[in-house]
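To start, the structure itself, in structure tokens.
The values are calculated or read from the model by the stated rules, or taken from the named source; none is laboratory data. Remember, it's a predicted structure, so these values are computed and weren't measured experimentally. Every residue, glycine as well, gets a Cβ built from its backbone with ideal geometry; the counts of neighbours run over all protein chains shown. Heavy atoms of the whole protein, side chains included, go into the accessibility calculation; ligands, DNA and RNA do not. Shrake-Rupley method; radii C 1.70, N 1.55, O 1.52, S 1.80 Å.
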Amino acid sequence: MAAIIGTRTVKKKKISNLKKIVSRKIIPPLVAITIFLIIWQLLCLNPNFKLPGPIETISETWDPFIINPFFDNGETDKGLGWQILNSLGRVGTGFSLAAITGITLGIIIGANKLLYNAVDPIIQVLRTVPPLAWLPISLAAFQQANPSAIFVIFITSIWPILINTIVGVQQIPQDYINVARILRLKGFRYFWKIVFPATVPYIFTGLRIGIGLSWLAIVAAEMLVGGIGIGSFIWDAYNTTTETNLSEIILALVYVGLVGLLLDKLVAFIARKVVPAEQK
Amino acid sequence: MKTFVEVDHVDRVFDIPNGGKYIALKNIELKIRQGEFISLLGHSGCGKSTLLNIIAGLDKATVGGVTLEGREVKEPGPDRMVVFQNYSLLPWLTVRENIALAVDEVFKDKPKGERRSIVEEHIDMVGLRHAAKKRPSELSGGMKQRVAIARALAIRPKLLLLDEPFGALDALTRGSLQEQLMKICNQHNVTCVMVTHDVDEALFLSDRIVMLTNGPEAHIGQILEVPIPRPRQRLEVVNHPSYYRLRNEMIYFLNQQKLLKKRKAAQIPASTLTVSGTLEKIHLEIGFMPLTDAAPLIVAKEKGFFANYGLETVILNRADNWTEIATGVAAGKLDAAQMLAGMPLALTLGAGGKTPIPVVNALNLSRNSNAITLSKKLYSEGVRTPEKLKATIKAYPDRILTLGIAHPTAMQNLILRYWLAAGGIDPDRDISLAVIPPTQMVKQLKAGIIDGYCAGEPWNYLAVRENAGFVAATALEIWPGQPKKVLGVREDWAQKHPKTYVALVKALLEACKYCDDLRNREEIVELICRPQYLDIDPACVRPGFIAPYDRGDGMPPQNLTTYHQFYLHQTNCPNRTELLWMVTQMARWGLVPFPKNWVEVIERVCRTDVFGAAARDLGLLDIEQDDPIHLFDGKVFNPSQPIEYLQSLEIKRQIRIEEVFI
């Protein structure tokens, strides 16, 4: 008897949990989005308003942009899927470079007080330079569009990674350092066994900020350097005077936002898997 | 006893942000045997963890050092593994990996298979087989600490250091872990030092319990031996006859420390005083008795040491007897005074039924220069030693000998009584003791009113010179290095004039140094014999001071270089062990009840912090001597067990043990 009663309550609990999630986490955002779209649509009813409303946007971009993200008409006339993948490729390259360099440098600088004091002012100045300000220099240096864009990603995302890694190394709990000192862990083994794992939570914070910044920067950079990519797509759409260009831009913006969100969640997900609960 | 670990005069001084210094630990001296379990007990903030870290090598002593098997500890190492209160496990590693990290690092040379088996063995030892693959975040506090202990033991440390290992655990877990730890320690004969504030834990696990006083300048207040045999069982330990006595003693000690802390919070500690700044008082009146060992005071005034340290006018007030000095200081008429070594204690304890007046001592002015003089008549009866004296007393039962002392609290009284009692003479029943001003002693001895006395110089030599008596024993034979005169001030005066106090101690310390230089002695003899001071023929002062000392016993005069000791052999630092010995002697003869709160009383009277501040400013050694007291009869005085010592003495009065409220 008891067992049966037990399962019944468990089932009931599960159902009520699901209900809770739906009522708290799903319904309110849906309502908010609906209200947002209605306000947008209402604003666009005004004839002086040049921007398309939501219904117009979707109907104008339905074919081919929404239903066929991977069409390829040659040159830069490609589906949004291709555009985004291209941008992601650049971000991936630049961000990976930034992550490797940032973490390595960060550990070295964080472990060395003198070095930290020496380079900290430089880092503080350089990190405030807006991403696009790097573009002329990188264009001059690389003479090519693609490497320049990658460099901008690199230089934008390296600072949060570097700074967070430095802080992480500096904030290693004294306990871990004591353990290492007693066991006489030294040199590379000390970095590999203690410093790196202890810094991982900070590194991931840096990576998360870094990926967000790179995605911000890539759109702007691509607008200027051209080629295939979501940024250039927006800029090209703006420069053509077709009926549907504004709807294309709005759609691209939505995609940019969604991809940015996904990137952020992806890094957060990896962090959850890698960082042990006690260290957070 | 072979010393395994030695903590050798460790000081730890921290720089504080405002530029001052905080002396956390002062003069810690501890020897640990192989296989011994030591607990460090004290209130939080008393520096016990700092001491543990210094032993571990994680922190460095400012002065002194630690040796393990004769080698100096310079850096942390796996031979001194620490178990931390917060476990310090690496959260990204599993239980097995945490232990393996240590084992792999320490036993690099061993083959992999052997290392694996060590790891597995220790996982089993603490019973964590089921959790071997878990990370620390998945474990309870007790399990984590078991992992930490396993990790520590797996690398076979010579010394296991535990920093409040069970502090964060619930009572049940704590109990079972304590038992496990003890079993493992017994099995592997591990030497342990554990920091704790749990008295029962300390009693259950330790061979010796080292109790630290409160910071600043924390030092070892008392060491308790735990005589409970091993192996111990939790339930049986409490039935041991000494369990509750030891437990009470520990709790009493901690309570005393708490009281001291409260009072200290209201005071400005001397160590934080800055040297600069104006003195609170620059016109002082200091009392002295016309004795050879008033030399530091006279020298400080005449040679301008007082003025050098900003004390513009110092009036030296000559007293005729010690009571005058005592009442002068008690009434606040005198700012400070040269006192007999036992006087600050006696005044603080209210000896003789008087109201207790806390008087503190931060400087010993002189040592030795006491002697026991007996009449020529006794000399002709063949008396040389206390045993002989006893024989004479027995031989003439009708005659009652009278011996003179300067003051009941004088070292002379304590020494004379000790000397007599060591010979089997009860100083209150077999003879009579009379308090006589030292200036009268020779006269009365000559007149036959007394048959001898114990006094300072020049009164012993004068009797020899006038052929009235002979010196039966000097301080050098009874207790070489015994404290003689100290600088006493009222505690409230010391609190009101902290900078003046340090300046005064500094001036006198310089003067003491000057006095101990034999090249200056001729000049000093001239100074002290002036009419306003001793007013005496220099010839009476010279023997024992600069000239050979004639004892009047037919032997040729001897050169007693340390008879008047003002500076050398760590004369000046007030010493807790000596003070404690004096308290036991005063209690022995019923002058005072033995204070149950003796740690507190001595801590109050003995101002090593003021001495230390002065000595450091002068660039001198600022620690007290820690040699045990060597008395002529060879009896050992263990400063951790004064009551046991008192009870072991044969001739004594009824001893009262009371708490003294000051």
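In the range A:17-84, which trypsin sites (Lys or Arg not before Pro) fall in coil by DSSP and have 11 or fewer other Cβ atoms within 10 Å?
In loop regions of the range A:17-84 (DSSP not H, G, I, E or B), the sparsely surrounded trypsin sites (Lys or Arg not before Pro) are A:50.
So, R0 is 30 Å and r is the distance between the beta-carbons of residue B:75 and residue B:124; what FRET efficiency does that work out to, to 0.05?
About 0.40, to the nearest 0.05.
Identify all lysines with a Cα-Cα distance to residue A:14 below 24 Å; exclude those on the same chain that are fewer than 8 residues away in sequence.
Correct list for residue A:14: A:25.
If I stretch the segment between residue B:240 and residue B:323 completely, what's the gain in nm (0.36 nm per residue apart, minus their alpha carbon distance), one decimal?
Working it through step by step, the gained length comes to 25.0 nm.
Enter the buried accessible area of the B/A pair, total of both sides, probe 1.4 Å, in Å² rounded to the nearest 100.
Summing both sides, the interface buries roughly 2100 Å².
Just to check I understand the Karplus step: with θ = phi - 60° and J = 6.51 cos²θ - 1.76 cosθ + 1.60, what whole-Hz values come out for the range A:37-42, glycine and proline as x?
Here the 3J(HN,Hα) series is 5, 5, 4, 4, 4, 4 Hz.
Keeping all protein chains in the complex and leaving out DNA, RNA and ligands, what accessible area do you get for residue B:649 with a 1.4 Å probe, in Å² to the nearest 10?
Spelled out: residue B:649, probe radius 1.4 Å, area about 10 Å².
With every protein chain present, what accessible area does residue B:289 have (1.4 Å probe, heavy atoms only), rounded to the nearest 10 Å²?
Result for residue B:289: roughly 0 Å² accessible.
Using packing as a proxy for protection, rank B:409-421, B:31-43 so that the peptide with the highest average count of other Cβ atoms within 10 Å comes first.
B:409-421, B:31-43
Averaged across B:85-93, how many Cβ atoms of other chains sit within 10 Å of each residue's Cβ atom?
6
5 Å is the cut-off here: which amide hydrogens, built 1.01 Å from N in the peptide plane, fall below it relative to residue B:3, excluding neighbours closer than 5 in sequence?
Amide H neighbours of residue B:3, under 5 Å, 5+ apart: none.
Can you count the Lys pairs in the range B:437-504 whose Cα atoms are under 28 Å apart, with each pair 8 or more apart or on different chains?
Taking the Cα cut-off of 28 Å, the pair count is 8.
To test your reading of the geometry: what angle, between 0 and 90 degrees and rounded to tens, separates the Cα axis of helix B:386-395 from the longest principal axis of chain B?
That works out to roughly 50 degrees.
How big is the charge dipole of the protein assembly as shown about its Cα centre, in debye rounded to the nearest 20, if each Lys and Arg gets +1 on its Cβ and each Asp and Glu gets -1 on its Cβ?
In total the dipole reaches around 2400 debye.
Where a Cα-Cα gap under 18 Å defines reach, which aspartates and glutamates qualify for residue A:193, not counting those fewer than 8 residues away within the same chain?
Within reach: A:175, A:278, B:97, B:104, B:105.
Hey, got the average number of other protein chain Cβ atoms within 10 angstrom for residues in A:179-189?
Counting Cβ atoms of other protein chains within 10 Å of each residue's Cβ and averaging gives 6.
So if each residue of separation counts as 0.36 nm, and I subtract the Cα-Cα distance between residue A:14 and residue A:56, what length gain in nm does that give?
10.9 nm
Sort the following peptides by mean Cβ neighbour count (other Cβ atoms within 10 Å, averaged over residues), highest first: B:175-182, A:108-115, B:210-217.
Highest-to-lowest ranking by the protection proxy: B:210-217, B:175-182, A:108-115.
Taking 8 Å as the Cα distance limit and 6 or more residues as the minimum spacing, I'd like the relative contact order of the range B:1-156 as a percentage.
21 percent
Cα to Cα, under 16 Å, and not fewer than 8 places away if on the same chain: which lysines meet these conditions relative to residue B:303?
B:506, B:513
Which listed residue (B:122, B:107, B:92) has the Cα farthest towards the positive end of the charge dipole for the range B:84-144, taking +1 on Lys and Arg C-beta and -1 on Asp and Glu C-beta about the Cα centre?
Farthest towards the positive end: B:92.
Can you bin chain A into rounded, prolate or oblate? Criterion: square roots of the alpha carbon gyration tensor eigenvalues sorted a ≥ b ≥ c, rounded for a/c under 1.5, prolate for a/b above b/c, oblate for the rest.
oblate
Solvent-accessible area per residue for the protein assembly as shown at a 1.4 Å probe radius, Å²?
Here the residues of the protein assembly as shown average 44 Å² of exposed surface.
Over the whole of A:171-178, what's the average partner chain Cβ count within 10 Å per residue? Rounded to a whole number, please.
3
Let's test the formula: R0 of 45 Å, r as the Cβ-Cβ distance of residue B:558 and residue B:648. What FRET efficiency results, to the nearest 0.05?
0.85
Students often get this wrong, so check it: of B:376/B:652; B:74/B:110; B:134/B:258; B:354/B:377; B:74/B:258, which have C-alpha atoms separated by over 31 Å?
In this structure, B:134/B:258; B:354/B:377; B:74/B:258 lie more than 31 Å apart at Cα.
Among the chymotrypsin sites (Phe, Trp or Tyr not before Pro) in the range B:592-662, which ones are in a DSSP loop with at most 12 other Cβ atoms within 10 Å of the Cβ? Mind listing them?
B:661
What order do you get for B:11-23, A:221-233, B:357-369, B:529-541 when each peptide is scored by the mean count of other beta carbon atoms within 10 Å, highest first?
Sorting B:11-23, A:221-233, B:357-369, B:529-541 by mean packing, highest first, produces B:357-369, A:221-233, B:529-541, B:11-23.
For B:474, A:128, A:101, give me the order by solvent-accessible area with a 1.4 Å probe, most accessible first, ignoring ligands, DNA and RNA.
A:128, A:101, B:474
For a test of the definition: using alpha carbon positions, the gyration tensor, and the 1.5 limit on a/c, classify the range B:71-153 as rounded, prolate or oblate.
oblate
Answer rounded, prolate or oblate for chain B, using the Cα gyration tensor with square roots of eigenvalues a ≥ b ≥ c: rounded when a/c is under 1.5, else prolate when a/b is larger than b/c, else oblate.
Prolate, because a/c is 1.5 or more and a/b exceeds b/c.
Relative to the Cα centre, what is the charge dipole magnitude of chain B, using +1 at the beta carbon of each Lys and Arg, -1 at the beta carbon of each Asp and Glu, and rounding to the nearest 20 debye?
Once rounded to the nearest 20, the dipole reads 1040 debye.
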